[in-house]
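The values are calculated or read from the model by the stated rules, or taken from the named source; none is laboratory data. Everything quoted here is computed from the prediction, not taken from an experiment. FYI the Cβ positions are ideal-geometry reconstructions off the backbone, even for glycines, and counts take in every protein chain you see.
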Amino acid sequence: MTTFPDEAFLAAVPVQALSSEPGEDGNLVLIRPKILSPRWAWLVRLMKRPNFRVKLDARGTALWQACDGTRTVAQVMDAMVQAHPGESDAGFRAALFIRELARGGFVRLNPLS
């Protein structure tokens, strides 16, 4: 059993895989196609609402913007800890959110090159 977060995860570079647009109060809305497979792209074109719209809060927006393809997961975690100094678990929560973004296809975790 691996411990979370492991070294390979911390060294990965999260890269935004989907588009976003401005939402309310300066927060972002992520746009994710309901079907990610290129094989089914024809079906997406037939759908009235082919995308999920995921509204982020201020913390999620800051984390999304920090996943700019230049920082590792560890650096994004550090940025979130610095942005929220009174919260002892801010870095861990950031790591959990990045992991969920990767599982949902919102970000790609590229190995550090």
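Give just the number: which of (1) free of Cβ contacts under 8 Å to residues at least 12 places away in the same chain; (2) farther than 21 Å from Lys34 by Cα does Ala95 not satisfy?
For Ala95, the failing item is (1).
If the Cβ limit is 7 Å and pairs must be 6+ apart or interchain, which residue in the range 29-44 that is free of Cβ contacts under 8 Å to residues at least 60 places away in the same chain pairs with which residue that is among the hydroxyl-bearing types (Ser, Thr, Tyr)?
Val29/Ser20; Ile31/Ser19; Ile31/Ser20
Answer with yes or no whether Ala11 is touching a residue at least 60 places away in the same chain (Cβ under 8 Å) and either under 21 Å from Ala90 (Cα atoms) or in contact with a strand residue (DSSP E or B) (Cβ under 9 Å, 6 or more places away or on another chain) (or both).
Yes: the conditions hold for Ala11.
So in the range 51-102, with the set limited to residues that are surrounded by 15 or more Cβ atoms within 10 Å (Cβ to Cβ) and in a loop (DSSP other than H, G, I, E, B), which one is modelled with the lowest pLDDT?
Top of the filtered list is His84.
Does any residue in the range 51-76 that is in contact (Cβ under 8 Å) with a residue 60 or more places away in the chain come within less than 7 Å, Cβ to Cβ, of a residue that is surrounded by fewer than 13 Cβ atoms within 10 Å (Cβ to Cβ) six or more places away or on a different chain, and which pairs are these?
Thr72/Leu112
With respect to the numbered conditions (1) in contact with a strand residue (DSSP E or B) (Cβ under 7 Å, 6 or more places away or on another chain); (2) within 18 Å of Val107 (Cα to Cα); (3) modelled with pLDDT of 90 or more, which one is the sole condition not fulfilled by Gly23?
(2)
Give the residues of the range 100-113 that are charged (D, E, K, R) and closer than 16 Å to Ala62 by Cα, sorted by residue number.
The one that is charged (D, E, K, R) and closer than 16 Å to Ala62 by Cα: Glu100.
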